[in-house]
Amino acid sequence: TDLAHIRNFSIVAHIDHGKSTLADRLIQATNTVSNREMKEQLLDAMDIERERGITIKANTVRLEYLADNGETYVLNLIDTPGHVDFAYEVSRSMHAVEGSLLVVDSTQGVEAQTLANVYQAIDADHEIVPVLNKIDLPASEPDRVKEQIEDVIGIDASEALLVSAKSGIGIHETLEAICHRLPAPKGDRAAPLKAMLVDSWYDPYLGVVVLVRIMDGVMKKNDRVKFMRNGTVHQIDKIGVFRPAMRDVAELGPGEIGFITASIKQVRDTKVGDTITHEKKGAEKPLPGFKPSIPVVFCGLFPVDSAEFEDLRDAIEKLALNDASFSFEMETSAALGFGFRCGFLGLLHLEVIRDRLEREYDIELITTAPSVVYHVYMKDGSMQELHNPADMPDMTHVDHIEEPRIKATIMVPDDYLGDVLKLCQDRRGIQQELTYAGTRPLVVYDLPLNEVVFDFYDRLKSVTKGYASFDYQMIGYRQDNLVKMQVLVNDEPVDALSMMVHRDRAEMRGRAMCEKLKELIPRHMFKIPIQAAIGGKVIARETLSALRKDVTAKCYGGDATRKRKLLEKQKAGKKKMRQFGKVDIPQEAFISALKMD
Ligand code: GDP
Ligand code: MG
């Protein structure tokens, strides 16, 4: 296809504003699939993470549209991942297209995720066409929402399209707008091949499938191509487009989006954002802007039953095959035994992986509290990345510590604003902005990621009865007065409970933790001191008193059944405990003790 008749675009939206429904309508209206095929096919292909209500992997579809001017256009839709945890992948797919439809639910208006995603589109220099969706609903307020888009996002919304993706209103106008309001891609057919690796995934039949956007040059079947990031060369054995099922094509030229397979074994070898060129007479310089997505949140995953360690290893390796942004290494903990220290792009990513391990692979897990990556600067000038608070080097060698900070955007109804400000303040937040998006307050805070990672989102939901919407972006590392706090149970340090805290908050956190543990650890036959300490200095202390000698004594002798039941109950309880020194600590303690409330 010649460049003038190609349009590449994505749809950006807050969750539930109608992105998938609109995509389905566009596919239907262009007769890309027959009505009969419609149901089974698309919904699966476009919404692989439908169950969780988010799309994680970018999906793509090529539509052919006969416009009112009599010309046929090829429209490539890339469905971007909807969540900030995948911000880097979103940003890459944005750079593979020239325009975006900005879908806003006209009964709701702009939300935090709308903002985060549209800024990515603006960064990628997109032409943006606002689409006000759900105009079939009586609560639809297109004029108010137009104004809000202009005020909050700062783009012209006077020609926003009025659409009901559900009932099919405005779909024709949307297709015309894609052809006439979005720019054609640029590219040089005669130049050396430069293709951007937009996404990749593992297919059990085909091996690794790579989604590419051709910038310059032409790619054909049997071409030998080089992945410039690590110089590996592969021969293309299949090349095609998604309609939305895979269909082979002879070649992909400039401006086109499609897939290749090339006997690649692991998704790890295909880095999103990499440049693919020909082995011979290839491009000299890769496309700009490559940066690998890096895990920012780490936690330990341990099997509840230590006999399942090998099963856990297998399961983690399988998941990693299809998710290059998830990292893992073996870890041993005195408290929890053998397990893995795993790195994730964010909290949602962590939850998705943990859920899959538990449900698909049926492994019961202990997850230690998530921790962020600290930069520890040593007195000798070197820097260590700290992924696990238990590995914190001796403070006497440490010069200073930096922690990751985020910019959090929160939208919340007026009634809950005070609670949200208090929550952010409590989490060492620095207020950046407090404005109004129409009638709804919009607050922007600079917060330590450390304070957000654990239960911020849960707290936010609970103080706002679920009405707040939240989004964040990493902004970088900053120094602060951070220390490692250890917890000692019966005078022995419990590594899985070590945490990094701000010095000013250490006493408070330490006290809260000791109190919690006192409730969570069952009484033993002896007295158990529970202490929080920084370095060698104890900053908080509780004592769990000893149990009366005979637990069954209170059964007044006679009732044997009751006695037996009580003992059985104790035995069952034991299974969910970890023996630590002479003390049994219940598994739930490792997470619960770290929760702040
Ligand atoms: P996504 O999360 O942005 O992909 O949103 P979906 O496309 O999954 O839509 C979320 C919900 O809104 C679904 O229940 C849709 O049926 C509904 N929906 C989408 N578009 C419209 C519309 O134009 N009108 C109405 N009334 N409902 C819609
Ligand atoms: Mg969707």
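The values are calculated or read from the model by the stated rules, or taken from the named source; none is laboratory data. All values derive from a computational prediction rather than experimental measurement. Note: ideal-geometry Cβ built from the backbone for every residue, glycine included; neighbour counts use all protein chains shown.
Identify, please: which residue in the range 11-28 is on the phi < 0 side of the Ramachandran plot and near ligand 1 (Cβ under 6 Å from one of its atoms) and is, among those, surrounded by the fewest Cβ atoms within 10 Å (Cβ to Cβ)?
Restricting attention to the range 11-28, the residues satisfying the condition of being on the phi < 0 side of the Ramachandran plot are 11-15, 17, 19-28.
The next check asks that each one be near ligand 1 (Cβ under 6 Å from one of its atoms); those that pass are 13, 15, 17, 19-21.
Numbers: Ala13: 25, Ile15: 14, His17: 29, Lys19: 26, Ser20: 22, Thr21: 17.
For the range 11-28, the residue satisfying everything is Ile15.
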- Message: Six or more apart or on different chains, Cβ atoms under 6 Å: show the pairs whose first residue is in the range 498-513 and farther than 13 Å from Arg541 by Cα and whose second is part of a helix (DSSP H, G or I) and modelled with pLDDT under 90.
- Response: Ser498/Pro389; Ser498/Ala390; Met499/Pro389; Met500/Pro389; Val501/Arg509
- Number of positions in the range 249-299 that are in contact with a strand residue (DSSP E or B) (Cβ under 7 Å, 6 or more places away or on another chain), within 30 Å of Ala496 (Cβ to Cβ) and either in a loop (DSSP other than H, G, I, E, B) or charged (D, E, K, R) (or both): 2
- Task: Starting from the range 159-172, take each residue that is farther than 17 Å from Glu141 by Cβ and list its partners that are away from ligand 2 (no atom under 16 Å from the Cβ), counting only C-beta distances under 6 angstrom and pairs at least six apart or across chains.
- Result: Ser167/Asp136; Ile171/Ala29
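For the structure I just gave you, tell me whether Ala320 is over 26 Å from the mean Cα position of the chain (by Cα) and modelled with pLDDT under 90. Even if it seems obvious, please write down each step before you answer.
Numbers: over 26 Å from the mean Cα position of the chain (by Cα): no; modelled with pLDDT under 90: yes.
So Ala320 does not fit the description; no.
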- Hits in the range 102-116 (condition: in contact with a His (Cβ under 8 Å, 6 or more places away or on another chain) and within 16 Å of ligand 2 (Cβ to nearest atom)): Val103, Val104, Asp105, Gln108, Glu111, Gln113, Thr114
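Surrounded by fewer than 21 Cβ atoms within 10 Å (Cβ to Cβ), of a type in the set (Gly, Ala, Ser) and in contact (Cβ under 8 Å) with a residue 60 or more places away in the chain: does that describe Ala408? Explain how you work it out, then say what you get.
On the way: surrounded by fewer than 21 Cβ atoms within 10 Å (Cβ to Cβ): no; of a type in the set (Gly, Ala, Ser): yes; in contact (Cβ under 8 Å) with a residue 60 or more places away in the chain: yes.
So Ala408 fails the test.
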- Message: List pairs: first residue in the range 266-290 and in contact (Cβ under 8 Å) with a residue 60 or more places away in the chain and within 9 Å of Met196 (Cβ to Cβ), second residue charged (D, E, K, R) and surrounded by fewer than 18 Cβ atoms within 10 Å (Cβ to Cβ) anywhere in the structure, Cβ distance under 6 angstrom, at least six positions apart or on different chains.
- Response: Asp274/Arg229
- Tell me, yes or no, whether the range 321-330 has at least one residue that is assigned to a loop (DSSP other than H, G, I, E, B), more than 18 Å from Leu497 (Cα to Cα), out of contact with any Leu (no Cβ under 8 Å at 6 or more places or on another chain) and not polar (S, T, N, Q). yes
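Answer yes or no: is there a residue in the range 47-58 that is at pLDDT 70 or above and within 15 Å of ligand 1 (Cβ to nearest atom).
First pass over the range 47-58, keeping only residues at pLDDT 70 or above: none.
No - not one qualifying residue is present in the range 47-58.
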- Message: With surrounded by fewer than 18 Cβ atoms within 10 Å (Cβ to Cβ) and touching a residue at least 12 places away in the same chain (Cβ under 8 Å) as the only criterion, which of Arg247, Arg224 stands out?
- Response: Arg224
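Hand me the list of helices (runs of 4 or more DSSP H) wholly inside the range 407-464 holding 1 or more residues that are over 18 Å from the mean Cα position of the chain (by Cα).
On the way: elements: 417-426, 449-453, 456-463.
Of the helices (runs of 4 or more DSSP H) lying wholly inside the range 407-464, those with at least 1 residues that are over 18 Å from the mean Cα position of the chain (by Cα) span 417-426, 456-463.
Quick one: in the range 194-208, which of the residues that are more than 18 Å from Gln235 (Cα to Cα) and crowded, with 22+ Cβ neighbours inside 10 Å is modelled with the highest pLDDT?
Selected residue: Val198.
Quick grid of which residues meet (1) among the acidic types (Asp, Glu); (2) within 15 Å of the chain's Cα centre (by Cα):
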site	(1), (2)
Val297	no, yes
Pro303	no, no
Glu385	yes, no
Asn388	no, no
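Is it the case that the range 451-458 has a residue that's farther than 20 Å from Val412 by Cβ, in contact with a strand residue (DSSP E or B) (Cβ under 8 Å, 6 or more places away or on another chain) and at pLDDT below 90?
yes
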- Please indicate, with yes or no, whether at least one residue in the range 300-317 is touching a residue at least 12 places away in the same chain (Cβ under 8 Å), among the small types (Gly, Ala, Ser) and in a strand (DSSP E or B). yes
- Please tell me if Arg478 is more than 20 Å from Ala593 (Cβ to Cβ) and among the basic types (Lys, Arg). yes
- Item | Breaking point among (1) in contact with a Phe, Trp or Tyr (Cβ under 6 Å, 6 or more places away or on another chain); (2) in a helix (DSSP H, G or I), for Ala546 | (2)
- Hey, could you check the range 227-242 for residues that are touching a residue at least 24 places away in the same chain (Cβ under 8 Å) and farther than 13 Å from Phe259 by Cα and say which is surrounded by the fewest Cβ atoms within 10 Å (Cβ to Cβ)? Asn230
- Message: Ala139 - would you say it is away from ligand 2 (no atom under 16 Å from the Cβ), of a type in the set (A, V, I, L, M), surrounded by fewer than 21 Cβ atoms within 10 Å (Cβ to Cβ) and over 19 Å from Leu442 (Cβ atoms)?
- Response: yes
- Task: Could you check how many residues of the range 155-171 are surrounded by 13 or more Cβ atoms within 10 Å (Cβ to Cβ) and either within 26 Å of Gly70 (Cβ to Cβ) or touching a His at 6+ places or on another chain (Cβ under 9 Å) (or both)?
- Result: 7
- Given (1) surrounded by fewer than 19 Cβ atoms within 10 Å (Cβ to Cβ); (2) β-branched (Val, Ile, Thr); (3) assigned to a helix (DSSP H, G or I), Val118 misses just (1)
- What number goes with the only condition from (1) closer than 29 Å to Pro142 by Cα; (2) within 14 Å of ligand 2 (Cβ to nearest atom); (3) at pLDDT below 80 that Ser91 does not pass? (2)
- Scope the range 361-381; condition over 22 Å from Glu308 (Cα atoms) and assigned to a strand (DSSP E or B); matching residues: Ser371, Val372, Tyr374, His375, Val376, Tyr377, Met378
- Message: Tally up the residues in the range 192-210 that are in contact (Cβ under 8 Å) with a residue 60 or more places away in the chain and acidic (Asp, Glu), please.
- Response: 1
